[in-house]
Amino acid sequence: MPDLLIELFSEEIPARMQARAAEDLKRLMTDALVEAGLSYAGAAGLATPRRLALSVQGLSATSPTIREERKGPRVDAPEQAIEGFLRGAGVSRDDLEIRDEKKGQVYVASIPRPGRPAAEIVAEALERVIRSFPWPKSMRWGSGTLRWVRPLHSVLCILTGDDGEAQVVEMEVDGIRAGNTTRGHRFMAPDAFPVVSFEDYTAKLKRAHVVPDASERAEAIWQEATNQAFAAGCEVVEDRGLLAEIAGLVEWPVVLMGPIGDDFLDLPPEVLQTSMKEHQKFFSVRNPKTGRIERFVTVANVETADHGATILAGNRKVLAARLSDAKFFWENDLRTVRERGLEGMAEGLRDVTFHGQLGSLADRVARIAALAREIAPLVGAEADRAEQAARLCKADLQSEMVGEFPELQGLMGRYYAEAAGLDPSVAAAIEAHYKPLGPSDAVPSAPVSVTVALADKIDMLTGFWAIDEKPTGSKDPYALRRAALGVIRLVLANDLRIALDRHFDAQLLRQKIALNRDAASDDEIDTLEEILDEIADHGVFGAAFRAVLDRLEESGKPVRTGDGSLIGKLADAMPDLSDDLLAFFHDRLKVHLREEGLRHDVIDACLAMPGNDDLTLVVHRATALNTFLKTDDGENLLQGFRRANNILTQAEERDGVEYSYGANAKFAETEEERALFAALDAAEPQIAAALEAEDFAGAMAAMARLRAPIDAFFETVQVNAENAVIRRNRLNLLSRIRATCRQVADLARLEG
């Protein structure tokens, strides 16, 4: 069985595209080969800056002969139709088979399709793959029609038999004929050379100063960089993304290390690291004794007679110019902070639009600060500190450093806050308020940091809910799903007890006031601001709304709330907005908890309970229920609940009444019935006490003691007795079972 080797040799492929392109070449070619009837033992794709390669081992020499069945006309069809079918299928009448179908007998032709040689199939597949290759960006060159990421120079395509002989696959694409030759390093081995197998290909490339495997290049770079740093008493700052990028920039990595000029050593290490990474693709080298970035590592693509001295000198010169810019930004920003404070730096936020409908960044900061003051006591943070941190959290967006390196926002704010002499908790919160940025990002734990991070994300979510720009399908341009997951992780990781509904209502109302301030009357705005103040006391918009309107009515200053009035519109819209946002959070929570191993129906059963805007409460309840249902008592009690619920639901639908009260032990006729009354009398106060203490495991343990009497009741008692009084009493007893069990969770939502 032959082995296939393909190489597509071109000008430099962008590093970010190489790994995906190697996988695409492997997937598209192997899929095409299999679809054509060939099998193979294994395949591997490789990429360097100037080539994509594919090795397919153990490829079938030919595709198998197959018989294709083609259904023809009915037996009683006109002779002309039958003759046309015979010509199209290339068979005679003797080759036809008659089969019975629903509408009568039909002719069926069995047409043999002989196998094809692998070379023929490979040639067709490769041309098709090259012409339709899914590059993110591609180009044309010269007078041809072919599109490739960069001009394509040559195609190597050979099949190597078991005897070691290599056959060139005859194919041509846009004037480029396939051959058996490739080239080595652009400068150190530019001449073409033939290859006869994949092993020969990789060996000759290495002799020609090309390492064809990207992972091997990356490993060699990292090993040599860490060795050189260790020899200097330093350590390389790990950056796997940068390592992968550099491995895609060189075919023959030559690692060089040099010093950073003394003038720049006092810059924040993150500034040095970011500047060198973004502008020069350098690794940062840290002195572990001082914590400073003191050296850099660059990776050249060529060996030189002076062992890289000239390359290092040129890189140091360019680096000095880049770092001079960074130093200028740093010193200017510090001067601004010293002269005007961080508040002065933030003044320019008034002129920066956050969103056309949601105002400036200064408007957003004011909302975040108001919400942070409200949340602070629930997190254990000092309200003044939280509000101060919130008011300054976006100040560094006006700094020259963040203007040059946006990825340093937050971090530079911390440095400037420290330079301004602000409280350490405020400085830390300014840095941490964007976190967590993703599922693997660390979650802040310091109270002020948690407070501002929550306020920032809740304001983002409520703002876009207020203007009806919510995520739809796969579209989420403002990363609102990430913001919701960030709130969830902040709450759960810090075991916070926060009723989100209240804060959604408060922030949604702030957004609505801002949106309507220009069009509304002063009285309407004053009323809305009164309602906003009342939310802190009454919990949610509805209760605050009624309290303010009642007070205004009593004072003789009623506010118009009829159709068309702003107050009336908000009274209708606010609850729906808040409920919709909470439902969005519940969807994110379900995804998060499913990844933690909780069943989706268990989560639904707990979300159906009161207090479902307290995410920590929901998770505690769901965790206890999930554990309980894994026990025999839990599973059996659930079966008893389902039986009671099913009988009761059917009876209520049939009778048109709700059996929800009036069960009386004096009407019990059997010992099992009386035992169930007694068990419920004992369990109900225990369950209530446990739930009051939020001891869900204790509540379920008390509920588990109902298992035996419920089982015994159903084994011996006929619920639908002939006596109407007894039947009603027993149905009310089932209602009591249902209500008792539903105190813990809505068990009717559990599957099975």
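If only one of Glu692, Glu671, Glu658, Glu596 is farther than 30 Å from Arg730 by Cα, charged (D, E, K, R) and surrounded by fewer than 14 Cβ atoms within 10 Å (Cβ to Cβ), which one is it? Let's see the steps before the verdict.
Values: Glu692 fails: farther than 30 Å from Arg730 by Cα; Glu671 fails: farther than 30 Å from Arg730 by Cα; Glu658 fails: farther than 30 Å from Arg730 by Cα.
Just a single option satisfies the conditions, and that option is Glu596.
Hey, any hits in region 303-325 for a residue that's crowded, with 21+ Cβ neighbours inside 10 Å and outside any helix (DSSP H, G or I)? No, because not a single residue in region 303-325 is crowded, with 21+ Cβ neighbours inside 10 Å and outside any helix (DSSP H, G or I). Where helices (runs of 4 or more DSSP H) fall wholly inside region 346-437, the ranges with 3 or more residues that are in contact with a helix residue (DSSP H, G or I) (Cβ under 9 Å, 6 or more places away or on another chain) and within 30 Å of Asp614 (Cα to Cα) are 361-379, 383-392, 424-432.
For region 12-21, check the following and say yes or no: at least one residue is in contact with a strand residue (DSSP E or B) (Cβ under 6 Å, 6 or more places away or on another chain) and of a type in the set (A, V, I, L, M, F, W, C).
Keep residues of region 12-21 that are in contact with a strand residue (DSSP E or B) (Cβ under 6 Å, 6 or more places away or on another chain), which gives 18, 21.
From what is left, the residues that are of a type in the set (A, V, I, L, M, F, W, C) are 21.
Among the residues of region 12-21, at least one is in contact with a strand residue (DSSP E or B) (Cβ under 6 Å, 6 or more places away or on another chain) and of a type in the set (A, V, I, L, M, F, W, C), which makes the answer yes.
So which residues in region 608-628 are in contact with a Lys or Arg (Cβ under 7 Å, 6 or more places away or on another chain) and of a type in the set (D, E, K, R), if there are any at all? Within region 608-628, Asp614 is the sole residue that qualifies.
Taken over region 485-521, the criterion of being farther than 25 Å from Leu437 by Cα, surrounded by fewer than 18 Cβ atoms within 10 Å (Cβ to Cβ) and either of a type in the set (Gly, Ala, Ser) or in contact with a strand residue (DSSP E or B) (Cβ under 7 Å, 6 or more places away or on another chain) (or both) is satisfied by Ala519, Ser521.
Checking Leu25, Leu96, Leu54, Leu33 one by one, the residue that is modelled with pLDDT of 80 or more, at negative phi and not assigned by TED's automatic domain parsing to the domain that holds Phe193 is Leu96 and no other. Contact map, region 41-70: residues that are under 30 Å from Pro212 (Cβ atoms) paired with residues that are loosely packed, with under 14 Cβ neighbours inside 10 Å and among the polar types (S, T, N, Q), Cβ distance under 6 Å, separation 6+ or inter-chain. Pairs shown: Ser60/Ser39.
Among residues of region 262-291 that are without any contact (Cβ under 8 Å) to a residue 60 or more places away in the chain, those with a Cβ under 6 angstrom from a residue that is hydroxyl-bearing (Ser, Thr, Tyr) and buried (at least 19 other Cβ atoms within 10 Å of the Cβ), sequence gap 6+ or separate chain, pair up as Gln273/Ser284; Met276/Ser284; Phe282/Thr298.
For region 117-126, the condition holds for no residue, the condition being that it is assigned to a strand (DSSP E or B), over 30 Å from Gly72 (Cα atoms) and within 42 Å of the chain's Cα centre (by Cα).
Filter region 698-752 down to residues that are surrounded by 22 or more Cβ atoms within 10 Å (Cβ to Cβ) and among the β-branched types (Val, Ile, Thr) and give me whichever is farthest from Glu652 (Cα to Cα). The extreme case among them is Val744.
Do we have Asp580 as at pLDDT 90 or above, part of a helix (DSSP H, G or I), touching a Lys or Arg at 6+ places or on another chain (Cβ under 7 Å) and charged (D, E, K, R) here? No.
Hey, which of the strands (runs of 3 or more DSSP E) in region 160-268, taking only ones fully inside, have at least 3 residues that are touching a helix residue (DSSP H, G or I) at 6+ places or on another chain (Cβ under 8 Å), surrounded by 18 or more Cβ atoms within 10 Å (Cβ to Cβ) and of a type in the set (Lys, Arg)? Can you show your working first?
On the way: elements: 166-168, 176-179, 181-183, 192-194, 254-259.
Strands (runs of 3 or more DSSP E) meeting the threshold: none at all.
Annotation: Pro610 fulfils all but one of (1) of a type outside the set (Phe, Trp, Tyr); (2) within 30 Å of Gly634 (Cα to Cα); (3) in a helix (DSSP H, G or I); the unmet one is (3). For Ile111, indicate whether it is in contact (Cβ under 8 Å) with a residue 12 or more places away in the chain, part of a strand (DSSP E or B) and over 53 Å from the mean Cα position of the chain (by Cα). It is false that Ile111 is in contact (Cβ under 8 Å) with a residue 12 or more places away in the chain, part of a strand (DSSP E or B) and over 53 Å from the mean Cα position of the chain (by Cα). When region 537-575 is limited to residues that are under 19 Å from Ala514 (Cα atoms) and surrounded by fewer than 13 Cβ atoms within 10 Å (Cβ to Cβ), the one that is nearest to the chain's Cα centre (by Cα) turns out to be Asp572. The condition of being closer than 25 Å to Leu593 by Cβ and of a type in the set (Phe, Trp, Tyr) holds for only one of Phe713, Phe641, that being Phe641.
So which residues in region 374-407 are β-branched (Val, Ile, Thr) and either touching a His at 6+ places or on another chain (Cβ under 7 Å) or surrounded by fewer than 20 Cβ atoms within 10 Å (Cβ to Cβ) (or both)?
Initial filter on region 374-407 (β-branched (Val, Ile, Thr)): 375, 379, 402.
Passing the criteria: only Ile375.
If you filter region 145-159 down to residues that are modelled with pLDDT of 95 or more and among the β-branched types (Val, Ile, Thr), you find that the one that is nearest to Asp191 (Cα to Cα) is Val155.
The values are calculated or read from the model by the stated rules, or taken from the named source; none is laboratory data. From a predicted model like this one, the values you see are computed outputs, not experimental measurements. All Cβ positions, even for glycine, are placed from backbone atoms using ideal geometry, and neighbour counts span all protein chains on display.
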